[in-house]
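Participant: Structure in structure tokens, see below.
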Amino acid sequence: MHAMTDYVKHLAHRIFAPTGVLKETYLAFREVLEHDRRSHELLSRLERFYHDESRVDFSAVSRAYDDLSRAVSEMIRHLDLMAPGTCEELLSIFQGIDAARRHPAWLLETAPRQVSATAPATHDDVAAGRAARAGEPVARSQTVPPTGVFFERVVPVDPGNPDSLKEGRGRFHAELWVMSWFGVDFTRWTKPQLVAARFYFDALFPFLALVVLSWFTRPEPQDALDRFFAKMHTPVQPTREGEIAALEAACANPRQFDADKVFRGRNWEILKPARSDYIGFFGTWALVGVVILLLWAMVTVR
């Protein structure tokens, strides 16, 4: 229906305002050429990532693909402006390529929230009658817009069309998607809470998966495990000769570390912390505290 309406408008303009249609067609054609040039640049960048075996963060690949998707989408949109109604099949094929980004269940967003806070009044607040003098505490409220749950952003495919479909942009948060399988409702969560949930999932899920999978898989030969953990539990020696001698002694008697385990008689190869462990752990946190204190001093001390 939307395509038919655009076609009728285009036909009416061609009859009653042919000069305006010619100008719009020319401008749309220029935009097609510009987005075509941009698309080829992005394709070349993606090809360099692959063929040159460049070591780049995956977010760079994702950004290049997002930019390419937007450029191709703009090409199709301006082609449709040049000849309304002729690009429906092309648009359908393009949307099919990016179908995952337009999956309705993955376009979930948080609900908008009203946030109130107290802040010192400004001269504008005094002029508006919200405070008696500048600096007096006044209540402020603002609406926090929705944010994407499974995608970084959820935006309209065609920003100029109020009825446009939406699509996800940026990183797909598989962590939150997995958590949603268990009935977690993220619509009332804030952006920091979503980020924290991803962090805890990334920190805990790999260990949980290792433990669960270890129950259903065949263990490694005991001799190989003994040699591996004997090397892991042997302290680093100051000389190469001492290192070789310590490793040979540990491999000859791998059971010597059993008395230092936190869980004796179990498969958990976790040793009790030694004095050097305490010094390293608490010393590192002390340095973190010093860094935070210095940053606090830099932003507060005048």
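No value in this document is a laboratory result; all are computed from the given coordinates. For clarity, every value in this text was computed on a predicted model and none was experimentally measured. Here the Cβ is made from the backbone with ideal geometry for all residues, glycine too, and neighbour counts use every protein chain on show.
Participant: Of the residues in segment 58-101, how many are farther than 13 Å from V157 by Cα, surrounded by 18 or more Cβ atoms within 10 Å (Cβ to Cβ) and within 21 Å of the chain's Cα centre (by Cα)?
Facilitator: Residues in segment 58-101 being farther than 13 Å from V157 by Cα, surrounded by 18 or more Cβ atoms within 10 Å (Cβ to Cβ) and within 21 Å of the chain's Cα centre (by Cα): 2 in total.
Participant: Could you tell me whether segment 233-256 includes any residue that is closer than 23 Å to V211 by Cβ, out of contact with any His (no Cβ under 6 Å at 6 or more places or on another chain) and exposed (fewer than 12 other Cβ atoms within 10 Å of the Cβ)?
Facilitator: No, that holds for no residue.
Participant: Moving on to the next point. Return the residue satisfying two criteria in turn: it lies in segment 249-292 and is of a type in the set (D, E, K, R) and outside any loop (DSSP other than H, G, I, E, B), and of such residues it is nearest to P221 (Cα to Cα).
Facilitator: In this case the residue turns out to be R255.
Participant: I've got another one for you. Name the residue that is nearest to A249 (Cα to Cα), counting only residues in segment 187-230 that are charged (D, E, K, R) and assigned to a helix (DSSP H, G or I).
Facilitator: R227
Participant: On to the next question. Could you figure out which of (1) farther than 30 Å from R101 by Cα; (2) surrounded by fewer than 16 Cβ atoms within 10 Å (Cβ to Cβ) isn't true of S164?
Facilitator: Status for S164: all satisfied but (1).
Participant: List pairs: first in segment 178-198 and surrounded by 12 or more Cβ atoms within 10 Å (Cβ to Cβ), second of a type in the set (D, E, K, R), Cβ under 6 Å, 6+ apart or cross-chain?
Facilitator: Short answer, once both residue conditions are applied: R198/E175.
Participant: May I ask you to verify whether V144 is aliphatic (A, V, I, L, M), farther than 30 Å from H78 by Cα and surrounded by 12 or more Cβ atoms within 10 Å (Cβ to Cβ)?
Facilitator: Considered against the rule, which asks whether it is aliphatic (A, V, I, L, M), farther than 30 Å from H78 by Cα and surrounded by 12 or more Cβ atoms within 10 Å (Cβ to Cβ), V144 comes out as yes.
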